[in-house]
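One structure is given below, encoded as structure tokens.
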Amino acid sequence: MILTHDETVALVLSLKVASAAVACALPPAIACAWLLARKHFIGKPVFEAVLLLPLILPPVVTGYALLALFGHQGAIGRVLDVLHLSIAFRWTGAALAAGVMAFPLLVVALRGAFEAVDRKLEHAAATLGANAWRIFFGITLPLSLRGLVAGLALAFARAFGEFGATITFVSSIPGQTRTLPIALYELLETPGGEGGALRLTWVALAVALVATLGAATLLRRGARGSGQDT
Amino acid sequence: MIELDFSLTRGEFVLQLALHSEARALALFGDSGCGKTSTLHVIAGLLKPSHGRIVLDGRTLFDSRAGVNAPVAQRRVGMVFQDVRLFPHLSVRENLRYGAPHPRDASRFDAAVQLLGLGALLKRKPDELSGGQARRVAIGRALLSQPAALLLDEPLSNLHREARAEVLEHLRGLKRELALTTILVSHQADEVLSLADAVALLDDGRLAALSSLPEFAAGLQKGR
Amino acid sequence: MTRSWRTWFAVLCCALWPAIGSTAPITIFAAASLKPALDDLAASGALGTPAPRLVYAASSALARQVEQGAPADLFISADEAWMDDVASHDALAIGTRRDLLGNALVLIAPASSQAKVELTDPASLLHGLGQHNLAIALPKAVPAGRYASEALHALGLWSALQPKLAMSRDVRAALQLVAAGECPLGIVYRSDAVSEPRVRIVAGFPPSSHKPIVYPVAIVRGHDGAASRALLNALESSRARSVFERYGFEAPPPPDQ
């Protein structure tokens, strides 16, 4: 299976965009998941609902919202333009779109992972004088690693396959924002392009397989290190 | 010096304690469900009483009238839980050092390891330890966090006979070597007799009696 | 218990019977760019009463659905390639295909923009774009994008502009990017530019710079009846033609190619 030059560019770009999307979505996702798992506060149900919005709204709507905010004419986009940090029509914009769409999945997975950690261990750590940061990074996070890795794999898959929000926000610009899903869409929209679309689908499947296997290997190695049963 | 004067309601159960003791090692004695473990959790800061005062060796840990409620991490109480609670992803050495991650020197560590006979276990993981070994590691971990007071929740429970004897011996050794205010929870008289200087008898969330060790022993002889 | 269930079931059937028994209204599957014009025609009664049901989507999606037997009576495509595709799947009623409309390709800018651009001069276009992008539809997937790409190639502008292209999912999205000021220039159909007050036409691409823009129409195989024929005639009538022209469409180019 040989890819054309354009398709290779699209594949590499998709990998770059998805990786950046997940890497940037992770810290806020951890913070939100921890808040949801461990804290009670006024407006918590509203907070939860807002976090899930990208899952509920049609991706095109999310794309338009990002365009309105981060486009050249957007409130935040204008400021970024002045600072020469513009993300409109750039791969960083594609990464933001993919990150926003993958974010709810990451939060849900991480929240489950944190809730599964025995709070009694966290209490014990507190009696030993550990502050909230030490408890989180030393106890909660290491013990929620399985869920974390699973969530990352899921989020990466979602970010990699992201189409609607991306093309609406940053359009398709070869080398910058023309990701593999967009290349696939173009083939589907061309009469007789179904064969090429199938070829790219195999490529996407291969990426998904590698990501899943990678995650499983990480988990197995981690479990072996801490003497736990896989 | 131990001063406990608080009230706590958990559902149907009401725990109301008022006691003052100058003993170095105080035992909270009573049947299961009388509030002994809850009292330890209150002292540690894991449970918040509705009102009251808790003072240990002149340090006020909780005072509802003065608005004092020291966070758990700042109470400097080393707690050994009944369900042990060793961190499963850390080695014995890492568990021990959790309470003092940056010690100025290694002598405290070495002394605690020596005192509790943990030298051969340092590289193991908690799931590779026997009940008695795990209990000793938990004690060592609590000690190494340099607490101002030690809280022991049923330290000999769920141990078979040899392990009980082993841990008891180590605890006696600790009592001899260290002058640390200790509050010990137990429902077994022999633990209390070996380790305590004074005994608070709890019954259904209330203090039934506060006695010295000889008085307690005498009471046992008479069959209470 | 059983008796009351049977009664309710019978009542339900009677209530639904009219819906089950009636015939579906006459349906046109039409390319999305025709929506404003066709809606107007239908509302004014020019397409008969009751007005036909109008289904809009990208020509590619509609073509595939027609090939799979969707309940369309007429199909209007935004380009010949997709109509050819439907024909090759034997889904058209023989002899009913004809060219309905033409269109023109224009270069647009936001209404407030003062840009002056010469299509023969790549430098003026690049200057008009500055740091930003030229909005067109995806050339591989959307007819409007394909015509734009052909025009840029024909005028020798492709190599200079290619790195600055921002390609959208459809031509309406490209239009909106210019209308919102996100892109200083864009290439869309004249019919699109006319329908959007927030853009102005800066230049028109000569018809020779791209393949003729043709909107073919045909009756779907198996739906060739009096009603379909009447609708086809209504679409080709002079009344319909004047409405289409008002919306920026043109008469179809003469079939000499």
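FYI, it's all coordinate maths here, none of it is from the lab. None of the values given here were measured: they were computed from a predicted structure. No Cβ is skipped: glycine too gets one built from the backbone with ideal geometry, and neighbour counts run over all protein chains shown.
Couple of notes before you dig in:
- For residues of A:174-183, the mean tally of beta carbons on other chains within 10 Å: 2
- Legend: ranking of residues C:35, B:175 from fewest to most surrounding C-beta atoms inside 10 Å; resulting order C:35, B:175.
- Scaled radius of gyration (Cα, divided by 2.2 N^0.38 Å) that chain C gives: 1.21
- Across peptide C:164-171, the mean count of Cβ atoms from other chains lying within 10 Å of each residue's own Cβ comes to 5.
- When the inverse distances between all different Cα atoms of the stretch B:52-128 are averaged and flipped, the Kirkwood radius reads 15.0 angstrom.
- In terms of surrounding Cβ atoms within a 10 Å radius of their Cβ, C:153, C:132 rank from fewest to most as C:153, C:132.
- For the stretch C:53-147, GluC sites (Glu not before Pro) are listed when DSSP marks them as loop and at most 14 other Cβ atoms sit within 10 Å of their Cβ; the list is C:118.
- Kirkwood hydrodynamic radius (C-alpha pairs) into Stokes-Einstein, the stretch A:119-176, 10 °C and 1.306 mPa s, D in µm²/s: 110
- Only helical runs count toward this figure. For chain A, summing -39,500 (n - 2.57) over DSSP H runs of n ≥ 4 and dividing by all residues gives -24000 deg cm²/dmol at 222 nm.
- Shielding by partners for peptide A:188-194, expressed as the average number of C-beta atoms from other protein chains within 10 Å of each residue's C-beta, is 6.
- Applying the Karplus relation 6.51 cos²θ - 1.76 cosθ + 1.60 with θ = phi - 60° to the stretch C:151-164 yields 3J(HN,Hα) values of 5, 5, 5, 4, 8, x, 9, 4, 5, 6, 9, 3, x, 9 Hz, where x marks Gly and Pro.
- Membrane-span-like helices in chain A, defined here as complete DSSP H runs extending at least 27 Å along the helix axis by their C-alpha atoms with mean Kyte-Doolittle hydropathy no lower than -0.5, are A:5-38, A:91-115, A:194-225; this is a sequence and geometry rule, not a statement about a membrane.
- Amide N of the stretch A:1-33 lying under 18 Å from the label point, which is placed 7 angstrom from the Cα of residue A:198 along Cα→Cβ: A:1-4
- Rounded to whole Hz, the Karplus (6.51, -1.76, 1.60) HN-Hα couplings of the stretch B:42-56, x for glycine and proline: 5, 4, 6, x, 7, 10, 10, x, 6, 7, x, 8, 9, 10, 10
- Against chain B, whose longest principal axis comes from its Cα atoms, helix B:131-144 is set at around 80 degrees.
- Sum of side-chain charges, residue A:32 neighbourhood, beta-carbon under 15 Å (Lys, Arg +1; Asp, Glu -1): +2
- Nitroxide proxy distance, nm - points 7 Å out along Cα→Cβ at residue B:165 and residue A:16: 7.2
- Charge sum, other residues only, whose C-beta stays under 14 Å from residue A:17's C-beta, Lys/Arg counted +1 and Asp/Glu -1: +3
- Amide H contacts of residue C:100 (H built 1.01 Å from N, under 5 Å, at least 5 apart or other chain): C:215, C:217
- Charge sum, other residues only, whose C-beta stays under 15 Å from residue A:131's C-beta, Lys/Arg counted +1 and Asp/Glu -1: +3
- Counting DSSP beta bridges with both ends in chain C, the antiparallel % (nearest 5): 55
- A DSSP coil position with no more than 10 other Cβ atoms inside 10 Å describes the following trypsin sites (Lys or Arg not before Pro) in the stretch B:21-130: B:65, B:104, B:123.
- Within straight-line reach of residue A:39, meaning a Cα separation under 19 Å, sit the following aspartates and glutamates at least 8 residues removed in sequence or on another chain: A:48, A:115, A:118, A:122.
- Separation of alpha-carbon centers, the stretch A:46-121 and the stretch C:206-238, rounded to whole Å: 45
- For the protein assembly as shown, the fraction of alpha-carbon pairs in successive 20 Å shells from zero, as %: 14, 31, 22, 18, 13, 2, 0
- For residue C:185, residues with placed amide H under 5 Å, excluding near neighbours: C:135
- Range in chain C, longest, excluding exposed trypsin sites (Lys or Arg not before Pro) [loop by DSSP; at most 16 other beta-carbon atoms within 10 Å]: C:1-115
- The chymotrypsin sites (Phe, Trp or Tyr not before Pro) of the stretch A:1-75 that meet both conditions, a loop assignment by DSSP and at most 10 other Cβ atoms within 10 Å of the site Cβ, are A:41.
- For the stretch A:29-188, the alpha-carbon coordinates run over 56, 36, 28 Å along the three principal axes, in decreasing order.
- Taking B:12, B:191, B:128 and counting other C-beta atoms within 10 Å, the order from fewest to most: B:12, B:128, B:191
- Only Lys, Arg, Asp and Glu carry charge here, each on its Cβ (+1 for the first two, -1 for the last two); on that basis the protein assembly as shown has a dipole of about 1560 debye about its Cα centre.
- On Cα atoms only, tilt of B:107-116 relative to the major axis of chain B in degrees: 80
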